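Note sheet for the following structure.
The values are calculated or read from the model by the stated rules, or taken from the named source; none is laboratory data. These numbers were taken from a predicted model, which means no experiment stands behind them. Cβ atoms come from the backbone with ideal geometry, glycine included; neighbour counts cover every protein chain shown.
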Amino acid sequence: MADRDDVRLSKHLSLVLRHRPGSVGLELDPRGWVEVAALLAALGQHGRSVTREDLDRVVRTNDKQRFEWDRAGDRIRARQGHSVPVELGLAPAEPPAVLFHGTTQRVVAAILAEGLGRQQRHHVHLSPDAATARRVGARRGEPVVLEVDAAGMARAGHRFWRTANGVWLADRVPPEFLTPG
């Protein structure tokens, strides 16, 4: 499978494992896991022939490390970003003083006025550094990086979680904790 095919497969896995498992006839367990054999069979039945080796490579080489295996390597899930109900089992974590959020110029004014909400996802996604946030924002247009006063939010009682791939999650970010970077 070529790199371009890996990118397409990664995007398709994101769709299936985060948003629409039913699109290939799957159901995620309460923590977002699905059996690898069931995933491969479902993808094949829906016109996408994928081997375990293809899946291993996409999980291993995904630049954002979006997917993870269970300890036995028999199940797979998306690490975050779900719009379907899942409980990832993450423990609250003490954030660094500052986190970052990448977005686009066209929505900055609204975000600064209203804050960041989950939208259709379970959490707001925050980056540990400005460069990562800039890459995130660039996916949808001219990127803008917002600084998040994570220490101030924590002092005010907001909770944070950190995924295994370094993405920070929060339920929301009120506007008073946001500054254009």
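Observations on the structure shown:
- Sole exception among (1) at pLDDT 95 or above; (2) part of a strand (DSSP E or B) for Glu68, by number: (1)
- Matching option when the condition is of a type in the set (Val, Ile, Thr) and touching a Lys or Arg at 6+ places or on another chain (Cβ under 8 Å), among Val50, Val58, Val36: Val36
- Residues in the range 14-25 that are under 12 Å from the mean Cα position of the chain (by Cα) and touching a residue at least 12 places away in the same chain (Cβ under 8 Å): Ser14, Leu17, Arg18, His19.
- Residue in the range 1-36 that is modelled with the lowest pLDDT, counting only those that are closer than 23 Å to Asp63 by Cβ and among the small types (Gly, Ala, Ser): Ala2
- Cβ-Cβ contacts under 7 Å between residues 6 or more apart (or on different chains), taken from a first residue in the range 103-118 that is closer than 16 Å to Val136 by Cα to a second residue that is surrounded by fewer than 13 Cβ atoms within 10 Å (Cβ to Cβ), are listed as Thr104/Arg140; Thr104/Gly141; Thr104/Glu142; Gln105/Gly141; Gln105/Glu142; Arg106/Gly141; Val108/Pro180.
- Residues that are among the aliphatic types (A, V, I, L, M), within 28 Å of Pro30 (Cα to Cα) and in contact with a Phe, Trp or Tyr (Cβ under 6 Å, 6 or more places away or on another chain) within the range 90-137 comprise Leu90, Ala93, Leu126, listed in sequence order.
- Candidates in the range 129-148 are the residues that are over 24 Å from Ala93 (Cα atoms) and crowded, with 19+ Cβ neighbours inside 10 Å; of these, the one that is nearest to the chain's Cα centre (by Cα) is Gly137.
- Qualifying residue in the range 149-167 (condition: under 24 Å from Ala37 (Cα atoms), surrounded by fewer than 13 Cβ atoms within 10 Å (Cβ to Cβ) and touching a residue at least 24 places away in the same chain (Cβ under 8 Å)): yes
- Residue count for the range 38-63 under the criterion of being surrounded by 16 or more Cβ atoms within 10 Å (Cβ to Cβ) and within 15 Å of the chain's Cα centre (by Cα): the result is 2.
- Restricting the range 124-181 to residues that are touching a Ser or Thr at 6+ places or on another chain (Cβ under 9 Å) and assigned to a helix (DSSP H, G or I), the residue that is nearest to Phe67 (Cα to Cα): Val136
- The selection criterion, being hydrophobic (A, V, I, L, M, F, W, C), in contact with a Pro (Cβ under 8 Å, 6 or more places away or on another chain) and either without any contact (Cβ under 8 Å) to a residue 24 or more places away in the chain or surrounded by 12 or more Cβ atoms within 10 Å (Cβ to Cβ) (or both), holds for Val34.
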